[in-house]
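A short reminder: the numbers here are calculations on the coordinates, not readings from a lab. Just so it is clear, the structure is predicted and the values come from calculations on it, not from any experiment. Heads up, the Cβs are rebuilt from the backbone with ideal geometry, glycines too, and the neighbour counts pull from every protein chain shown.
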Amino acid sequence: MGDISPHFSRHEFSCKCGCGFTALDVELLDVLEDARTHFGAAITLDCACRCAKHNAEVGGVPDMPV
Ligand SMILES: [Zn+2]
């Protein structure tokens, strides 16, 4: 049980470096919920968003959409 939808929690949409940056896209959440329901299996979000600093540290693309 998530805290922002039936299957997802806010922390899954937060930057993993601990900076507190969060990018929650409601349309993305709807798509994820539909996929979760369709496949009937858990979907794990490893890295839904990164702040610029964390993105640079892990070698991500500079203009990654959030
Ligand atoms: Zn960060």
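The simple Förster model, with R0 at 35 Å and r as the Cβ-Cβ distance, assigns MET1 and ALA23 a FRET efficiency of 0.95. May I ask for the angle, rounded to the nearest 10°, between helix 26-39 and the longest principal axis of the chain, with both axes built from Cα atoms and the value confined to 0 to 90°? Around 50 degrees separate the two axes. In a Debye calculation with equal point scatterers on the alpha-carbon sites of the chain and no solvent, what is log10 I(q)/I(0) at q = 0.11, 0.23 Å⁻¹? The computed values of log10 I(q)/I(0) come out as -0.27, -0.98. Given Cα pairs under 8 Å that are at least 6 residues apart, what percent is the relative contact order of the chain? 33 percent.
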